[in-house]
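Undergrad: The structure under discussion is supplied below as structure tokens; questions concerning it will follow.
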Amino acid sequence: MAANSRIAYSHTVEKKNPEAYTVNNEKGTDIGDAMKEYVWGVIGGSKSLDDWDAYVQQIESLGVQDIIDELTTIHGAQMKEYKEYMKNAQ
């Protein structure tokens, strides 16, 4: 179980410092709203799965790649800290 928890941890981005997520804080709500509108539209029947490409273009235009880049950078730094912690903990 402990070994598996370490594997799960390696895929987790924790918001240790919410102020560090400037791009996510700026753009995340609009992207989340677009996602919910599309998903619930498909579920409710007001949108079609054929609208997928337009949806992807919409979230790309809202800056989803900027958020992915920010999270990748933060996650990499956190993993470096974690590995250093684990090295010193043993």
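The values are calculated or read from the model by the stated rules, or taken from the named source; none is laboratory data. What you see is a predicted model; the values in this text were computed from it and never measured. All Cβ positions, even for glycine, are placed from backbone atoms using ideal geometry, and neighbour counts span all protein chains on display. Only protein heavy atoms, including side chains, enter the accessible area calculation; ligands, DNA and RNA are left aside. Shrake-Rupley method; radii C 1.70, N 1.55, O 1.52, S 1.80 Å.
Undergrad: So Tyr85 clears everything in (1) in a helix (DSSP H, G or I); (2) touching a Gly at 6+ places or on another chain (Cβ under 9 Å) except one condition, right? Which one?
TA: (2)
Undergrad: Of the residues that make up region 2-19, is at least one open to solvent by less than 90 Å² (accessible area, probe 1.4 Å) and modelled with pLDDT of 85 or more?
TA: The answer is no, given that none of the residues of region 2-19 is open to solvent by less than 90 Å² (accessible area, probe 1.4 Å) and modelled with pLDDT of 85 or more.
Undergrad: Still on this structure: Going through Glu70, Glu84, Glu60 one at a time, which residue ends up being closer than 28 Å to Ala20 by Cβ and touching a helix residue (DSSP H, G or I) at 6+ places or on another chain (Cβ under 7 Å)?
TA: The unique qualifying residue is Glu70.
Undergrad: Could you check region 18-77 and list, in sequence order, the residues that are in contact (Cβ under 8 Å) with a residue 24 or more places away in the chain and either in contact with a His (Cβ under 7 Å, 6 or more places away or on another chain) or not in a helix (DSSP H, G or I) (or both)?
TA: Tyr21, Leu62, Gly63
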